[in-house]
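In what follows, a single structure is set out as structure tokens and then discussed.
The values are calculated or read from the model by the stated rules, or taken from the named source; none is laboratory data. Model, not experiment: these values are computed from the prediction. Here the Cβ positions follow ideal geometry from the backbone for every residue, glycine too, while neighbour counts run over all protein chains shown. The protein model used for the area step is the full one, side chains on, heavy atoms only, and it has no ligands, DNA or RNA in it. Shrake-Rupley method; radii C 1.70, N 1.55, O 1.52, S 1.80 Å.
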Amino acid sequence: MISIQLIRDDPQAVKAAIARKGEGPEAVDRILVADGRRREVLARADAAKHERNSGSKEVGDLLRAGDAAGADARKASLAGLGETIAAADAELAELEAAIATDLLLIPNLPDSAVPDGNGPNDNPVIRSRGTPLGAGSTPPHWEIGERLGLFDLERGAKISGSGFVLYTGAGARLVRALIGLFLDMATQAGYSEVWPPVLVNEASARGTGQIPDKEAQMYAVERDGLYLAPTAEVPVTNIHRDEILALNALPIRYAAYTPCFRREAGAAGKDTRGLLRVHQFDKVELVKFVHPETSAAELESLTADGERVLTALELPHRTIERCTADVGFAQARGYDIEAFSPGVGKWLEISSCSNYTDFQARRMNVRYRSAADARPELVHTLNGSGVALPRTIAALLEHHLQADGTVAIPVALRPYFGSDAIS
């Protein structure tokens, strides 16, 4: 959530900034109108309360002076103030609720460095590592996985529906091995491991920006008012909701493995084969709480941590910067790390790394003190995948497929998998 003071101080600048993300000015205009009215009503309510308080004092003075008639007359003049104040307070509550609702609809302002663009095709490549195999040079991963008995898509669909994967045999072992490698790499890089709940309440989902922006993508447990976490970003970033952190506590860096659940609403027919777009998947997430002055540098190091994972897996990859149309509702700036799928013939997003500045912290009321007697200030939050498994597995199977039909296991992964190949 952005600060309402930004809207008050320079509404045109806010409108111009969110227009870069393709958002219209309507919510900003409604806030300006409601905020102006709120100030008028607040002034009227304050004046009425002041008159009531001063009038009550006058009544007391008159009674002490023995002027009962004067006191009764002054009481009569104050009689309507209670209703005036009550009506003003009720209107204030309505106006403040409307403002709060509209503030949730305004996206984070994109960093000035974010490139303008109309969609993913406008995302510039920042850097790349390794040379990917040519498109069509290997079978797609679902054919490799089926032949080697790594996952069973038909039985996964029988159990839960399309888009749910049953990993089997060496495939299940590969999932477990990758999670172990990713978590160890994260803790070695200075992240503290946590294992959070995967059911989150509405306050948690609102705090990170999933509600109302991505509510349609989440699975809801309506009877209990809970949601299945679409990413560990949601429970982990909410660890410090409504807390004031000491300056020397920053930066705080967490790593968490969770299964993730996404309805993929509106994605019918897109990348439905194999592991490319599924409803339940595994991911190791990296989350940071940092000092505002360091968040730009922390985004770069976060992205480097994601890249390091793909380097360890010996997968050619590239890093792109998301343009204004693709940067996301809550993010100020972000990068995607992609691995090439020769069997599918396209680049696959493996990791998304983002700086939210103070957008999430304001929603969650996460602050820090620079000194014991200092006024609390909002932290900056960041998160990134370190990394997501399904597309990583797809790229790994296709890139490391050998001429004899086996799949070579990258050296870094072998201690976790327990073998140097899948056959």
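Farthest towards the positive end of the charge dipole of the chain, among the residues H50, T208, L32, is the Cα of T208, using unit charges on the Cβ of Lys, Arg, Asp and Glu. At a probe radius of 1.4 angstrom, the accessible area of the chain per residue rounds to 45 square angstrom. Using only the Cα atoms of the range 175-254, build the gyration tensor, take square roots of its eigenvalues as a ≥ b ≥ c, and label the shape rounded, prolate or oblate: rounded if a/c is under 1.5, else prolate if a/b is larger than b/c, else oblate. Taking the square roots of the gyration eigenvalues as a ≥ b ≥ c, the range 175-254 is oblate. Which of rounded, prolate, oblate describes the range 292-342, given a ≥ b ≥ c as roots of the alpha-carbon gyration tensor eigenvalues and a/c under 1.5 marking rounded, otherwise prolate only if a/b is larger than b/c? Oblate.
When the charge dipole of the range 28-156 is built from unit charges on Cβ atoms (+1 for Lys and Arg, -1 for Asp and Glu) and taken about the Cα centre, the candidate among A93, G117, S137 whose Cα reaches farthest toward its positive end is A93. The share of Cα pairs per 10 Å bin across the range 345-396, counted from zero up to the longest distance, runs 22, 30, 22, 17, 8, 2 percent.
Here the contact order of the chain, divided by its residue count and restricted to Cα pairs under 8 Å and six or more residues apart, works out to 20 percent. Once the Cα atoms of helix 295-312 and of the chain are each reduced to a long axis, what angle between those two axes, in degrees from 0 to 90 to the nearest 10, is obtained? That works out to roughly 20 degrees. Each principal axis of the Cα atoms in the range 129-235 has its own extent, and those three values, largest first, are 47, 40, 27 angstrom.
Rounded to the nearest 0.05, the FRET efficiency derived from the C-beta distance between A216 and D46 at R0 = 60 Å is 0.90. Helix content alone sets the calculated 222 nm mean residue ellipticity of the chain: runs of n ≥ 4 DSSP H residues at -39500 (n - 2.57) each, divided across all residues, give -13000 deg cm²/dmol. Between the helical axis of 68-78 and the dominant principal axis of the chain, each derived from Cα atoms, what acute angle in degrees is found, rounded to the nearest 10? Helix 68-78 sits roughly 30 degrees off the main axis of the chain.
Return the whole-Å distance between the Cα centroid of the range 277-316 and the Cα centroid of the range 351-423. Answer, in whole Å: 4. Separation of the range 213-247 from the range 1-70 is 32 Å, based on Cα centroids. With all protein chains in place and a 1.4 Å probe, the accessible surface of the chain carries 50 percent carbon and sulfur. Here the range 148-285 is treated with +1 on each Lys and Arg Cβ and -1 on each Asp and Glu Cβ, and its dipole about the Cα centre works out to around 440 debye.
In terms of its alpha-carbon gyration tensor, the chain comes out prolate; a/c meets the 1.5 threshold, and the first ratio a/b outweighs b/c.
Using a simple spin-label model with pseudo-atoms 7 Å out from Cα toward Cβ, E300 and A374 lie 2.3 nm apart. Extension gain for S419 to A246 (0.36 nm times residue separation, less C-alpha to C-alpha distance): 57.7 nm.
Restricting attention to the chain, close to 90% of DSSP beta bridges with both partner residues there are antiparallel. Using the Cα centre of the chain as origin and beta-carbon charges of +1 (Lys, Arg) and -1 (Asp, Glu), tell me which of A246, A371, S3 is placed farthest towards the positive end of the dipole. Sorting the options by dipole projection puts first A246.
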